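Step one of this worksheet: look at the structure below.
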Amino acid sequence: VVKMVTAKYGVNITMGSSNVSFGLPDRKYVNAAFMAMAIQAGMTCPITNPLVTEIRTTVFASDLALGKDEFAMGWVKAYRKRKKTQKQERDLTE
């Protein structure tokens, strides 16, 4: 449906990405898989929790795989930020 509406009308698609996993364990992985498929189909504006690392990483990886991330700069920048945050969290616990 997403692909059809995007192709026919050329509009942006907004949808909730966590509804598919309601009541399931480890929802973040189901949500991330759904997000990747929806982005590939043409979803442009997901309604999701941006604080979930797996979701953010999935968006950057999808953009990279679909050729939307020129020279992989978004992916590299997100990776560096993720590593810096992980180091800061480790430093706080030591």
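Nothing in this text is a laboratory measurement; each read-out follows from the coordinates by a stated rule. As the structure is a computational prediction, the values presented were derived from the model and not from experiment.
Of note:
- Pairs of lysines in the chain (C-alpha under 23 Å apart; 8 or more residues apart or interchain): 11
- Within the stretch 2-93, the ratio Rg/Rh, alpha carbon atoms throughout and Rh by Kirkwood, equals 1.04.
- Counting only alpha carbon atoms, the long axis of helix 53-65 and the longest principal axis of the chain meet at about 60°.
- Interchain or long-range residues, amide H under 5 Å from Met15's placed H: Cys45, Ile47
- Surface/4 of the Cα convex hull for the stretch 45-94, nm²: 3.9 nm²
- Karplus-derived 3J(HN,Hα), 6.51/-1.76/1.60, for each residue of the stretch 25-42, Hz, glycine and proline x: x, 6, 4, 4, 6, 5, 4, 5, 5, 4, 4, 4, 5, 5, 4, 4, 6, x
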